[in-house]
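Student: The following block contains the structure, expressed as structure tokens.
The values are calculated or read from the model by the stated rules, or taken from the named source; none is laboratory data. Keep in mind that what you see is a predicted model, and the values were worked out from it rather than measured. Cβ coordinates were reconstructed from backbone atoms using ideal geometry, including for glycine residues, and neighbour counts include every protein chain displayed.
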Amino acid sequence: MTLSDPTMRQHAPAAERNREPILAVLRRVLPASGVVLEIASGTGQHVTHFAAALPELVWQPSDPAADARASIAAWTAHAGLTNVRAPLELDVERTPWGLDSAQAVLCINMIHISPWTATQALFDGASRLLDSGGVLYLYGPYRRHGAHTSPSNEAFDQQLRSRNPAWGVRNMEAVVALGEAQGFACGEPVEMPANNFSLVLTKR
């Protein structure tokens, strides 16, 4: 198979649904130029959509899974994009990450399908990578003040924990506190479709 083979391009319906609402937030919060590292890029649908819409930025996708990295490369080739780098093999809990600096870090729908140690490692790594003013963008479902924001999120949380007890929808306040401890200030949470939130954290 080659990168032009459409079977190489994995497809996640959720990525199609949420890419425009996420992009609307990114347009407001990302820097005008520089490198944007995406953690856990998955299929590659997000990074290629964002890179096409924001061509002045250099996009660095990453994923620990080889099949995901192949899909990212295939989507990039399919879109004909020159501002998307080859995907990195990156696991947030293993250092080094493979690049020395970035102006922003994106992490979409990872925190709830990984152990809490991965979230801790994400903040630790982003803190090292970003200079003052750098942006860490997080997207996904959260509890607020210890409570689920919808019955569907509660059911989703139970489903996740049945698959892996270390997974689950996190308390937003705990995530924000973790960021604060690593030198990030969190702006007002942005409500997103389907009971998700965008968190925009800025490195002090």
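Student: Kindly check whether there is at least one residue in segment 104-126 that is at positive phi and among the polar types (S, T, N, Q).
Tutor: Yes: one or more hits.
Student: Residues in segment 12-30: is at least one surrounded by fewer than 23 Cβ atoms within 10 Å (Cβ to Cβ), modelled with pLDDT of 95 or more and part of a loop (DSSP other than H, G, I, E, B)?
Tutor: yes
Student: Here is a further query. Against the condition crowded, with 16+ Cβ neighbours inside 10 Å, among the aliphatic types (A, V, I, L, M) and under 25 Å from E188 (Cα atoms), how does V92 come out, does it pass?
Tutor: For V92, the condition - crowded, with 16+ Cβ neighbours inside 10 Å, among the aliphatic types (A, V, I, L, M) and under 25 Å from E188 (Cα atoms) - is not met.
Student: Can you say whether I72 is farther than 21 Å from V200 by Cα and crowded, with 22+ Cβ neighbours inside 10 Å, as far as the supplied structure shows?
Tutor: In short, yes.
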